């Protein structure tokens, strides 16, 4: 009779001790789901060319995205190509470093990217960096 009571008590305590563990697991799952969705996404998909350099950019830098079809986005917001130069002039006027990072799609035409880089130079950019992904072939 004592043995039956011990086993019955142990089953109840095992079930009670697993509930906090389940709660913690679900709270961690919710936490990582929320944190993972807080990063800002680019307004359109870009597949940058590959490079062998491993240098990463500063998130506070001015970033210009160039899509394969010629669309532009400045710091996460789409922009008309005609409005690019005044927008860059405004941003460079408040920036401590006169540098622009260009994140162009690998399928975009080189002549279009060079034209955009010339516009950036005319707007006052002292340095223009073409962003790539590591793992060049």
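Some values worked out for this structure:
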{"read-out": "Extension gain, residue 130 back to residue 23 (0.36 nm per residue minus Cα-Cα distance, nm)", "value": "33.9 nm"}
{"read-out": "Which of 19, 120 has the fewest Cβ neighbours within 10 Å, and the rest in rising order", "value": "19, 120"}
{"read-out": "Peptide ranges 86-93, 65-72 listed from the most packed, as the mean C-beta count within 10 angstrom indicates", "value": "65-72, 86-93"}
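No value in this document is a laboratory result; all are computed from the given coordinates. For clarity, every value in this text was computed on a predicted model and none was experimentally measured. Neighbour counts are summed over all protein chains in view; Cβ atoms, including those assigned to glycine, are modelled from backbone coordinates with ideal geometry.
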